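Engineer: Here it is, the structure, as structure tokens.
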Amino acid sequence: MVNIVFKFFIAISCLLIFRGLLAEPLLDGADFDYGEYLSGQCLTCHRNSSDEGIPAINGAEALYIAKKLILYKNKELENEVMQLVAGALDEEQIASLAIYFNSLEK
Amino acid sequence: MNNLSRRSFVSFALASTSLLAMPAISTGSARPKVVVVGGGAGGATAARYIAKDSKGAIDVTLIEASKHYYTCFYSNLYLGGFRDYDSIGHSYDNLSANHGVNVVHDWAISVDSSARKVRLGSGATVSYDRLVLSPGIDIKYDSIDGYSVEAQTKMPHAWKSGTQVKVLRDQVLNMPKGGTFAMVPPPNPYRCPPGPYERISMVAHILKEKNPTAKIVVIDPKNKFSKQGLFMAGWEKHYPGMVEWIDNDTHGGIKNVNPETMEIETDLDTFKADVACVVPAQRAGAIAMNAGVTDGDWSPIVPASMQTKADGNIYVLGDASVASAMPKSGFSANSQAKVAANHIRGELTDSRVFPAKFSNTCWSLVATNDGIKVGANYKAGEEKIEVVDKFVSKTDEGNAKRKKTYEESIGWYNGITTDMFS
């Protein structure tokens, strides 16, 4: 039994290490400066100091931001404004925004 | 080459090349100068982004007459009693404290585009390398027979926020029981396309509670308007029988207004009002006219940068520009400001310039917790700003969705004012 648990632990560890070694495809081609420029479009509505009405996104995990944007782009998440904004973003732009907002202080 | 050693030739050549590669204006020791005229959604955003993103490499001066800026957006919500007046007022203090913007509270009187100087009301002049004009609208008082600067206290347009909206609110609150509120919306193109109809909704909201037998008559110089189906369904739902909208084909045209008798004469009839909001036609703020960057009433721009077609050193943002598919709104001006800021910074400091990307959403409040919205995003075409995709609220969406849309608009208001003034 201990052996099985140990093997499982090793397998999971290897998987995590392997995953870490691979660059996250969703964040491929991220360009920080481009993200900073594109963030202007988000900052008309999103602000850091409050979640009232519209969520604060500064400092969120890059992968989380990228996945959310893709869900809006594919209209799998509700909200017309976000579907519109994300719908006009390509992969590079999504990755750039994700790493830029991740870099900001919460 | 005889008297010139190889080494000094190479240095000379390198120096020449680097001089050529640099923008002409940054060859001197002084920082390049950007002057922004108008501290609204376009101007305040442009000043803030240029100063913030250039990290002090560009000297930014913002010229704005008012010390406190009262936003036009949400002034209807103040009118309807959903916001207090102070909550739509903002100061410029953070622009200087946080980003080093030199804020000058004065009027820009004239532009000498060949000398690249702006003359102020005080008589002082300010030099620029790039000039951003974001003056908003001027009212064409003579576009309606009988209307004038003096008439605006009796029949306020209240289309520039501030004290006139206060006057209008007082007039609505003190209207005789069972009286008539008349609204004359402006002809196209004008600032804030859904604004007149949100205003009607807000007046109806007050009257329903305080003066339920009062009537609202809308004498429109147009035959259709923004979010028409949504507004009209909302009026019928929340204020049944109170609002009568008369299109141009029906009344045959507005002939004149009389602020003394409070009458509005059309081909069809003469309407007598107890309170009247009359919003005339509009044009670009006077400074854009003076700078020679207008064609007719507005300034044509290059979509990729917001530079004027007339003068590459002058940018025009927001209501004063011909932004084609983009409506004249605070959101549009804020969006255009970021495109211009990126372009100006690139020109003056060689920073990277990214492709223009524009967006706009206009939220309107029809009644308590009944918010609607229309939005689009845009790209820079060769000649015009073009729509990429758009949406509009649906007439059959539920109450919960409408409440959420209203809450989202509060988030947006706080977001955009932070983006302008923090």
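Here, each number is a calculation from the coordinates, and none is a lab measurement. If you're wondering where the values come from, they're calculated on a predicted model, not measured in any experiment. Positions of Cβ are backbone-derived with ideal geometry, glycine not excepted, and every protein chain shown enters the neighbour counts.
Engineer: Running Debye on the range B:284-359 with equal point scatterers at the Cα sites and no solvent, what base-10 log of I(q)/I(0) appears at q = 0.24 Å⁻¹?
Structural biologist: Each listed q corresponds, in turn, to -1.09.
Engineer: Say the cut-off is 22 Å between C-alpha atoms; which of B:K215/B:K401; B:K166/B:K373; A:K75/B:K404; B:K215/B:K394; B:K237/B:K272; A:K75/B:K338 go over it?
Structural biologist: Among B:K215/B:K401; B:K166/B:K373; A:K75/B:K404; B:K215/B:K394; B:K237/B:K272; A:K75/B:K338, the Cα-Cα distance tops 22 Å for B:K215/B:K401; B:K166/B:K373; B:K215/B:K394; B:K237/B:K272; A:K75/B:K338.
Engineer: Shielding by partners for B:407-419, please: the mean number of other protein chain Cβ atoms within 10 Å of each residue's Cβ.
Structural biologist: Per residue, the number of nearby Cβ atoms from other chains is 6 on average.
Engineer: Another question, if that's okay. In the range B:322-408, what GluC sites (Glu not before Pro) fall in a loop by DSSP, with at most 12 other Cβ atoms inside 10 Å?
Structural biologist: Those satisfying the criteria are B:E382, B:E383.
Engineer: Sticking with this structure for a sec: Mind checking the mean number of beta-carbon atoms from other chains within 10 Å of the Cβ atoms in B:352-358?
Structural biologist: Per residue, the average neighbour count from other chains is 4.
Engineer: Could you work out, for the range B:269-422, what percent of all Cα-Cα pairs fall into each 5 Å distance bin, beginning at 0 Å and stopping at the bin that holds the largest distance?
Structural biologist: With a bin width of 5 Å, the distribution comes to 2, 9, 14, 16, 16, 15, 12, 8, 5, 2, 1, 0, 0.
Engineer: From the convex hull of the Cα coordinates of the range B:141-280, what is the mean projected area in square nanometres?
Structural biologist: For the Cα atoms of the range B:141-280, the hull's average projected area reads 7.5 nm².
Engineer: Give me the net charge of B:A41's neighbourhood, meaning all other residues with Cβ under 14 Å from the Cβ of B:A41; Lys, Arg count +1, Asp, Glu -1.
Structural biologist: Working: positive: B:R48, B:K160, B:R191, B:K328, B:K338; negative: B:E64, B:D319, B:D419.
Net charge around B:A41: +2.
Engineer: Would you calculate the volume per residue, in Å³, of the smallest convex hull containing every Cα atom of the range B:46-178?
Structural biologist: Values: hull volume 19.2 nm³, N = 133.
Roughly 144 Å³ of hull volume per residue.
Engineer: The range B:235-279 to the range B:188-229: how many Å between their Cα centroids?
Structural biologist: Each part's Cα centre sits 11 Å from the other's.
Engineer: Looking at the range B:207-248 from every direction and averaging, what is the projected area of its Cα convex hull in nm²?
Structural biologist: One quarter of the hull surface, i.e. the mean projection, equals 3.0 nm².
Engineer: Could you check what % of the DSSP bridge pairs in the protein assembly as shown are antiparallel, to the nearest 5?
Structural biologist: Here the antiparallel bridges make up roughly 55 percent for the protein assembly as shown.
Engineer: What is the antiparallel percent of DSSP beta bridges lying wholly in the range B:141-280, to the nearest 5?
Structural biologist: About 35 percent, rounded to the nearest 5.
Engineer: Further, regarding this structure: Within a 10 angstrom radius of the beta carbon, how do B:W412, B:W245, B:W107 rank from fewest other beta carbons to most?
Structural biologist: Values: B:W412 25, B:W245 19, B:W107 15.
Final ranking by Cβ density, sparse to dense: B:W107, B:W245, B:W412.
Engineer: If you scale each eigenvalue of the Cα gyration tensor by 5 and take the root, what three semi-axes come out for the range B:336-388, rounded to whole angstrom and sorted largest first?
Structural biologist: In descending order, the three semi-axes are 32, 14, 7 Å.
Engineer: With an 8 Å cut-off on Cα pairs and a minimum separation of 6 or more residues, tell me the relative contact order of chain B in percent.
Structural biologist: 18 percent
Engineer: Something else now. Amide H neighbours of B:D129 under 5 Å, at least 5 residues apart or on other chains, H built in the peptide plane: list them.
Structural biologist: B:K33, B:V34, B:V35
Engineer: Excluding B:D86 itself, calculate the net charge of residues whose Cβ lies under 15 Å from the Cβ of B:D86, where each Lys or Arg counts +1 and each Asp or Glu counts -1.
Structural biologist: Working: positive: B:K67, B:R83, B:K166, B:R169; negative: B:D84.
In short, +3.
Engineer: Counting Lys +1, Arg +1, Asp -1, Glu -1, what net charge surrounds A:C42 among other residues with beta carbon under 12 Å of its beta carbon? The partial results should precede the final answer.
Structural biologist: Values: positive: A:R47, A:K68, B:K338, B:K357; negative: A:E36, B:D419.
Summing Lys/Arg as +1 and Asp/Glu as -1 gives +2.
Engineer: What's the percent breakdown of Cα-Cα distances in the protein assembly as shown across 20 Å bins, shortest bin first?
Structural biologist: 20, 49, 23, 6, 1
Engineer: Here's a follow-up. Anyone know which of B:A325, B:A51, B:A115 comes out most mobile in the 10 Å Cα GNM of chain B?
Structural biologist: B:A115
Engineer: At a threshold of 8 angstrom on Cα-Cα distance, excluding pairs fewer than six apart, so keeping six or more, what relative contact order does the range A:28-103 reach in percent?
Structural biologist: Relative contact order here is 49 percent.
Engineer: Calculate, axis by axis, the spread of Cα positions in the range A:28-103 along the three principal axes, and write the results as whole Å, longest axis first.
Structural biologist: For the range A:28-103, the Cα extents along the three principal axes come out at 31, 28, 19 Å.
Engineer: Give the value in nm², to one decimal: projected area of the alpha carbon convex hull of chain B, averaged over all directions.
Structural biologist: Average projection, Cα convex hull of chain B: 23.5 nm².
Engineer: Give me Rg/Rg_expected for the range B:218-315, where Rg uses Cα atoms only and Rg_expected = 2.2 N^0.38 Å with N residues.
Structural biologist: For the range B:218-315, the normalised Cα radius of gyration is 1.52.
Engineer: How big is the antiparallel share of DSSP beta bridges in chain B, given as a percent to the nearest 5?
Structural biologist: So the antiparallel bridges amount to about 55 percent of the total.
Engineer: Taking only the alpha carbons of the range B:144-216, what extent do you get along each of the three principal axes, in Å, biggest first?
Structural biologist: Principal-axis extents of the Cα atoms in the range B:144-216, largest first: 32, 26, 23 Å.
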